[in-house]
Amino acid sequence: MNFLAHLHLADNSKTSLAANLAGDFAKGSIERFPKHLQQGIWLHRQIDQLTDTHELTKELESKFPKQLKRAAPILIDLAFDHMLAKYWDEYHNASLKEFARKAYDAIDACEGLPEKLQSLAPRIRSENWLVAYKSREGLNKSIESVAKRVSKPEIFNGATAAVKSLDIEIEIAFRTFYPQLMAYSRIWTRNTPAEYL
């Protein structure tokens, strides 16, 4: 899952939006981070672990061309955010614009975020990343942006065309898997280890 899904799952489980997003930037031991971020980071890691190992995402990965094998898990995360944004009204009662504003405000108001997230936060808001996921153009732009940030951008060659060609398979996997993830996130929240509360 990428930024939008992690923020939505945080809201769905009534946990900190900023702390859940911080999980993408928080490396190493959870105890190193401020107490108010620990549950969100822990939840983020549970979500990523299930997503990375679930049979539905593994099956979807296998449908990508061989040359995109290394990029496929990242592409699925980005494509799932696109599906969530595209069908947002089915998963949340507030509009995507309203939710994005709430998320940006939560990130801005949160202290002690990892440095990389702090430096990226102004761009996330100014370029309205969460709403941008809704369009194919926004999805392609996010793929291109990720490709520029990795050490071997060539692993993303042909990525936008492959994601578009697998649109139906991605939507089926998303619609099957995401409701399970919503349920799991609520269960994990109730079962968060005491040391992270």
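The values are calculated or read from the model by the stated rules, or taken from the named source; none is laboratory data. Computed from a prediction, not measured in an experiment: that's the story for all the values here. No Cβ is skipped: glycine too gets one built from the backbone with ideal geometry, and neighbour counts run over all protein chains shown.
Has segment 53-70 got any residue that is among the β-branched types (V, I, T), surrounded by 14 or more Cβ atoms within 10 Å (Cβ to Cβ) and under 22 Å from T160 (Cβ atoms)? Break it down stepwise before answering.
Step one: of segment 53-70, the residues among the β-branched types (V, I, T) are 53, 57.
With the extra rule that they be surrounded by 14 or more Cβ atoms within 10 Å (Cβ to Cβ), the set shrinks to 57.
With the extra rule that they be under 22 Å from T160 (Cβ atoms), the set shrinks to 57.
Scanning segment 53-70, I find at least one residue that is among the β-branched types (V, I, T), surrounded by 14 or more Cβ atoms within 10 Å (Cβ to Cβ) and under 22 Å from T160 (Cβ atoms), so the answer is yes.
Restricting to segment 73-108, name every residue that is small (G, A, S) and more than 19 Å from R125 (Cβ to Cβ).
Of all residues in segment 73-108, those small (G, A, S) come to 79, 85, 94-95, 100, 103, 106.
Once the filter is applied, which keeps residues that are small (G, A, S) and more than 19 Å from R125 (Cβ to Cβ), segment 73-108 yields only A79.
If you check every pair at least six apart or on different chains, which have Cβ atoms under 9 Å apart with a residue in segment 167-196 that is more than 21 Å from L139 (Cβ to Cβ) and among the acidic types (D, E) first and a residue that is surrounded by 14 or more Cβ atoms within 10 Å (Cβ to Cβ) and at pLDDT 95 or above second?
E195/I30; E195/Q38
Test L50 against the criterion of being farther than 15 Å from N2 by Cα and part of a helix (DSSP H, G or I), and give yes or no.
Details: farther than 15 Å from N2 by Cα: no; part of a helix (DSSP H, G or I): yes.
Considered against the rule, which asks whether it is farther than 15 Å from N2 by Cα and part of a helix (DSSP H, G or I), L50 comes out as no.
How about segment 177-197: which of its residues are among the hydrophobic types (A, V, I, L, M, F, W, C) and in a helix (DSSP H, G or I)?
Filtering segment 177-197 for residues among the hydrophobic types (A, V, I, L, M, F, W, C) gives 177, 181-183, 187-188, 194, 197.
Answer for segment 177-197, where residues must be among the hydrophobic types (A, V, I, L, M, F, W, C) and in a helix (DSSP H, G or I): F177, L181, M182, A183, I187, W188, A194.
Do you know which residues across segment 108-117 are surrounded by fewer than 22 Cβ atoms within 10 Å (Cβ to Cβ) and in contact with a helix residue (DSSP H, G or I) (Cβ under 9 Å, 6 or more places away or on another chain)?
Taking segment 108-117 as the starting set, the residues that turn out to be surrounded by fewer than 22 Cβ atoms within 10 Å (Cβ to Cβ) are 108-112, 114-117.
Selection gives D108, A109, C110, E111, G112, P114, L117.
A quick yes/no check of all residues on (1) farther than 30 Å from E154 by Cβ; (2) out of contact with any Pro (no Cβ under 9 Å at 6 or more places or on another chain); (3) modelled with pLDDT of 95 or more:
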| position | (1), (2), (3) |
| --- | --- |
| S62 | no, yes, yes |
| D81 | no, yes, yes |
| D89 | yes, yes, yes |
| H92 | yes, yes, yes |
| E98 | yes, yes, yes |
| I107 | yes, yes, yes |
| L120 | no, yes, no |
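Give, as residue ranges, the helices (runs of 4 or more DSSP H) completely inside segment 123-176 that count at least 2 residues that are exposed (fewer than 13 other Cβ atoms within 10 Å of the Cβ) and out of contact with any Asp or Glu (no Cβ under 7 Å at 6 or more places or on another chain). Break it down stepwise before answering.
Values: elements: 129-132, 136-149, 159-165.
By residue number, 136-149.
So G112 passes all but one of these: (1) touching a residue at least 12 places away in the same chain (Cβ under 8 Å); (2) in a helix (DSSP H, G or I); (3) out of contact with any His (no Cβ under 6 Å at 6 or more places or on another chain). Which condition number does it fail?
(2)
Which residue is farthest from L9 (Cα to Cα), if the candidates are limited to segment 177-197 and must be touching a helix residue (DSSP H, G or I) at 6+ places or on another chain (Cβ under 8 Å) and exposed (fewer than 13 other Cβ atoms within 10 Å of the Cβ)?
Within segment 177-197, the match that is farthest from L9 (Cα to Cα) is E195.
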